[in-house]
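All remarks here apply to the structure that follows.
The values are calculated or read from the model by the stated rules, or taken from the named source; none is laboratory data. Note that this is a predicted model, so its numbers are computed, not measured. All Cβ positions, even for glycine, are placed from backbone atoms using ideal geometry, and neighbour counts span all protein chains on display. Please note that ligands, DNA and RNA were not included when accessible areas were found on the heavy atoms of the full protein model with its side chains. Shrake-Rupley method; radii C 1.70, N 1.55, O 1.52, S 1.80 Å.
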Amino acid sequence: MVYTQSEILQKEVYLFERIDSPNREIMKHLKAICFLRPTKENVDHLIQELRRPKYSIYFIYFSNVISKSDVKSLAEADEQEVVAEVQEFYGDYIAVNPHLFSLNILGCCQGRNWDPAQLSRTTQGLTALLLSLKKCPMIRYQLSSEAAKRLAECVKQVITKEYELFEFRRTEVPPLLLILDRCDDAITPLLNQWTYQAMVHELLGINNNRIDLSRVPGISKDLREVVLSAENDEFYANNMYLNFAEIGSNIKNLMEDFQKKKPKEQQKLESIADMKAFVENYPQFKKMSGTVSKHVTVVGELSRLVSERNLLEVSEVEQELACQNDHSSALQNVKRLLQNPKVTEFDAARLVMLYALHYERHSSNSLPGLIMDLRNKGVSEKYRKLVSAVVEYGGKRVRGSDLFSPKDAVAITKQFLKGLKGIENVYTQHQPFLHETLDHLIKGKLKENLYPYLGPSTLRDRPQDIIVFVIGGATYEEALTVYNLNRATPGVRTVLGGTTVHNTERKLGSCDRICISKEEESRRDSSSLMGISGSVWKLLEPAPSL
């Protein structure tokens, strides 16, 4: 995520080992650089390493704050005095984009409450981010979420305890940390996406910049796994926020530019299949343009999935469910798609989930009938159960905001004017709730009764540095929102982070865990009653000039 192996090799680092790897060779001619999270397990491994050192000198860097007692234990283990340096280098998180970070944590809560180990890990990751950015922020949190309040308190405790580390040069306007809960907007992670980065994650999955293409029909061996990194891939950097139609056009233009160098071998590139055939027929082109080969393959697979799963039509109805308030039309369209054999059980269940969230309390709610339609379609019980799990996770009872019916006059006017203008792109009508939240925050209109400050101090000026953290995970659609806001508001820099970066599959996994936790809680209650009777680097870059 930070350096490629070839870049590290250029720094004359030739051997990569895990500290817990058994049977490592003794190589006293080499120096060792250790970069570790300061966990008990890692400290124990390092103590064992220092007692029987395999290298001549050790330079030790911890990705977060290490306790004085652990430093003392390491010093006592270093009997041969091989340690040349020990430093804290705050990088205890994953820098995904220049304005997006993740902690790669799935399932951070048990029901509505924090898993204690994950609360500790999240606190560590968030404080490491603050230290690496040299920010000592004021903290606001989502009042409707007990998890958000708990995390805010834990971060504040660390700042108070390690106050010397947080003594940075004061700015005129203090930075602000805003802690949100995913359950306040369960809609965004359920929608199909049409910008490149978000679409790849939704349909193929991005795991630490890696894409698994091994299941793509007829995939060549060297493309079974590819890396998409804006740091090392100019095409990806230039296209990650563009929509799907533009990407296909840009790949075609790039390949046609290369073809101009071979006038005798001109051929038309009218489809994704033509492009793939072109790459396969030109080994020299493939060698020179591995990047293009990779993106043709990725876009080709996205195109295949869109067609195979009828995603254009599915997405249009998803957008209607997320953005419009016509119950009769929405119900009719969902029922129609449930009868379509091309619509997968995954997409069918997703449509019903969106309907359930939007029309949860509508007087003509037809959710039982839609659940029966899912059963008749052959949708597995796992997906049918997830419909109620999603409502349990992010339904009206849980949300601190109203996702679907704007109450203030300005929001109603905007919606009315949007309706008069018509829709520019039917597939990208939706804006994450985060957009409204940040817009209000930047304009000083974010209500303190919904997002209170932790402590007596409040911010009176427009914030200039904003860090937003979403418990339960952020999305690439929200990352795009932050990217656009940063470009549109000079003088304000926003960074978005989350326990993970969601797509629909990951999101449903979180909802499933909450459902399971509720069932276990229910069983425990029943049992008790029965008992009576018997990379850092990207985020450290300056914001791009606007």
* Asked: Can you work out D for segment 311-394 in µm² s⁻¹ from Stokes-Einstein, where Rh is the Kirkwood radius over C-alpha pairs, the temperature is 37 °C and the viscosity is 0.692 mPa s?
  -> 262
* Structure fact -> One point scatterer per Cα, no solvent, Debye formula: log10 I(q)/I(0) for segment 1-152 at q = 0.10, 0.12, 0.19 Å⁻¹ comes out as -0.46, -0.65, -1.27
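Do any chymotrypsin sites (Phe, Trp or Tyr not before Pro) in segment 1-85 lie in a loop, going by DSSP, with at most 13 other beta-carbon atoms within 10 Å of their beta carbon, and if so which?
Here the sparse-neighbourhood loop sites are TYR14, PHE16.
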* Convex hull over the Cα atoms of segment 5-88, averaged projected area in nm²? -> 5.6
* **For TYR453, residues with placed amide H under 5 Å, excluding near neighbours** => none
* Could you work out the local net charge near ARG309, counting Lys and Arg as +1, Asp and Glu as -1, over the other residues with Cβ closer than 13 Å to its Cβ? => -4
* Asked: Of the GluC sites (Glu not before Pro) in segment 25-100, which ones lie in a loop per DSSP and count no more than 16 other C-beta atoms within 10 Å?
  -> GLU25, GLU79, GLU81
* In nm, to one decimal, how far is the SER56 label point from the SER366 one, both placed 7 Å along Cα→Cβ? -> 7.8
* Asked: Seen from all sides and averaged, what is the projected area of the convex hull of the Cα atoms in segment 424-501, in nm²?
  -> 6.3
* To do: Pop out the ³J(HN,Hα) list for segment 479-491 in order, Karplus 6.51 cos²θ - 1.76 cosθ + 1.60 with θ = phi - 60°, rounded to Hz; leave Gly and Pro as x.
  => 4, 5, 4, 5, 4, 5, 5, 4, 6, 8, 10, x, x
* To do: Only Cα pairs under 8 Å and at least 6 apart count here; give the relative contact order of segment 5-88 as a rounded whole percent.
  => 31
* Structure fact -> For GLU7 the rounded accessible area (nearest 10 Å², probe 1.4 Å, non-protein molecules ignored) is 60
* Asked: Could you give me the ³J(HN,Hα) list for segment 44-56, computed from phi with Karplus coefficients 6.51, -1.76, 1.60 and θ = phi - 60°, whole Hz, x at Gly and Pro?
  -> 4, 4, 5, 4, 5, 4, 6, 6, 10, x, 9, 10, 6
* Asked: If you average the sequence gap of Cα pairs under 8 Å that are 6 or more apart and divide by the length of segment 83-221, what percent do you get for the contact order?
  -> 19
* To do: Scan around VAL86 for amide H atoms under 5 Å from its own, H built in the peptide plane at 1.01 Å from N, and keep only partners 5 or more places away or cross-chain.
  => ILE60
* Structure fact -> With x for Gly and Pro, the residue-by-residue ³J(HN,Hα) of segment 206-212, computed from phi through the Karplus equation 6.51 cos²θ - 1.76 cosθ + 1.60 at θ = phi - 60° and given in whole Hz, is 10, 10, 6, 6, 9, 10, 8
* Structure fact -> Protection proxy (average C-beta count within 10 Å per residue), highest first, orders 144-156, 362-374 as 144-156, 362-374
